[in-house]
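Comments concern the structure below.
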Amino acid sequence: ATLADSFLADLDELSDNEADVLEEENNDVANMEEDIDGDLADIETLNYDDLDSVSKLQKSQRYIDIMQKVEDALEKGSDISNQGLVLEDDPEYQLIVDCNGLSVDIENEIVIIHNFIRDKYRLKFPELESLVHHPIDYARVVKKIGNEMDLTLVDLEGLLPSAIIMVVSVTASTTSGKPLPEDVLQKTIDACDRALALDTAKKKVLDFVESRMGYIAPNLSTIVGSAVAAKLMGTAGGLSALAKMPACNVQLLGAKKKTLAGFSTATSQFRVGYIEQTEIFQTTPPALRSRACRLLASKATLAARIDSTRGDPLGNAGKTLKEEIHKKIEKWQEPPPAKQPKPLPVPDSEPKKKRGGRRLRKMKERYAITDMRKLANRMQFGVPEESSLGELRFF
């Protein structure tokens, strides 16, 4: 076969492969179109104008069962008879794990409802969502304001800080929003009620977990307290999830985006979550709080890892870690040692450090005065020397 025949054979093979590739691509495109049509059909079934179609947690059987068990457990109190069991076999621990998962679902559900409220109330007060970031605070403020256009008639005291209230009032006087229709306003108020009910349920769950912290996580509770330990576990998704988390992420659990409304950032604590609610953090001087927060997060992570393996059920390791934290913070606050007067050294008490060696000897030899130079212009004792005046002088 000639070279031209081999080229033609290769071209035929390439054309056959291209035809197969085109057929596969057409099949993939057809499958993708079917998937897209199915997804669009699912999306179209959701009615974003109806809150029940986007928020379904409160009507789920899992939510109802767990909340019923939590309420029963809060009324009954802690069951001491089960405290000898293995942690995974304890029914209360299983309920705590379910509560941690439910608290995460409640947080996600509150975010969904918050988006629903924002979309509806944006027509009335579009600037409010940039002034109030927290979903529960936003729901409370929306429920309080309603359709009122004059915010001087609405008392927001206790819902927001005074500086934010002033900014909200000034912004509301220049807003471009219009009053909402009655049906839209009613849906918005119902969504606010649902968000507040979910927040109340979350507090019940955290209260239950907090009441069992002394048994579930004794070392972590010793360092940060039962309330903060329950919040850290609830946000992380359980004790094992908290134990696997690095300390830098534990420090950020529960951190909120703070609205300063144009005020100075000098006194605001950034990148600090639930750890700022601990007693150790509050009693630390403000200049050392950032260091104390990092120290607390690292020791709390170690305590959570001990608790997750049931390494010390009595909490002695947590007491030791807490003492280390107190000692370090006290050490930071100690004044620096007084500067002692330095005495002057004794003059010529030690020989001066001069360079020696072969290189220095060679250099001295190179620049030394030669014998001829030494004898030049040298006057000898007792030898007459001629002067420019022609007379002889003796020395």
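To keep it simple, each residue is scored yes or no on (1) modelled with pLDDT of 85 or more; (2) of a type in the set (Val, Ile, Thr); (3) open to solvent by 100 Å² or more (accessible area, probe 1.4 Å).
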{"site": "Pro343", "(1), (2), (3)": "yes, no, yes"}
{"site": "Lys354", "(1), (2), (3)": "no, no, yes"}
{"site": "Arg359", "(1), (2), (3)": "yes, no, yes"}
{"site": "Lys374", "(1), (2), (3)": "no, no, yes"}
{"site": "Val383", "(1), (2), (3)": "no, yes, no"}
{"site": "Ser388", "(1), (2), (3)": "no, no, yes"}
When you look at Pro246, is it modelled with pLDDT of 90 or more and either farther than 24 Å from Val168 by Cα or among the acidic types (Asp, Glu) (or both), yes or no? yes
Checked Lys187, Lys203 against criteria (in contact with an Asp or Glu (Cβ under 9 Å, 6 or more places away or on another chain) and surrounded by fewer than 19 Cβ atoms within 10 Å (Cβ to Cβ)); the one match is Lys187
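Yes/no per residue for (1) modelled with pLDDT of 80 or more; (2) open to solvent by 70 Å² or more (accessible area, probe 1.4 Å):
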| residue | (1), (2) |
| --- | --- |
| Asp37 | no, yes |
| Leu51 | no, no |
| Lys59 | yes, yes |
| Ser78 | no, no |
| Val104 | no, no |
Across region 327-377, what is the number of residues that are closer than 30 Å to Thr283 by Cβ and of a type in the set (A, V, I, L, M, F, W, C)? 3
How many residues are more than 16 Å from the chain's Cα centre (by Cα) and open to solvent by 20 Å² or more (accessible area, probe 1.4 Å) when one looks only at region 219-236? 4
Quickly run through region 309-319 and pick out the residues that are open to solvent by less than 40 Å² (accessible area, probe 1.4 Å) and within 14 Å of Gly238 (Cα to Cα). none
Leu206: assigned by the TED database to the domain that holds Arg62, among the hydrophobic types (A, V, I, L, M, F, W, C) and not in a helix (DSSP H, G or I), yes or no? no
Those residues of region 280-294 which are in contact (Cβ under 8 Å) with a residue 24 or more places away in the chain and farther than 20 Å from Thr235 by Cα amount to Ile280, Thr284, Pro285, Leu288, Arg291, Ala292
Taking the stated definitions as given, is Thr200 assigned by the TED database to the domain that holds Ser53, hydroxyl-bearing (Ser, Thr, Tyr) and within 16 Å of Glu107 (Cα to Cα)? yes
Can Leu253 be described as among the aliphatic types (A, V, I, L, M), within 30 Å of Asp312 (Cα to Cα) and modelled with pLDDT of 85 or more? yes
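The values are calculated or read from the model by the stated rules, or taken from the named source; none is laboratory data. Just so you know, these numbers come straight off a predicted model, no measurement behind them. With ideal geometry, Cβ positions are generated from the backbone for all residues, glycine too; neighbour counts draw on all protein chains shown. Areas reflect the complete protein model, heavy atoms only, side chains present, ligands, DNA and RNA absent. Shrake-Rupley method; radii C 1.70, N 1.55, O 1.52, S 1.80 Å.
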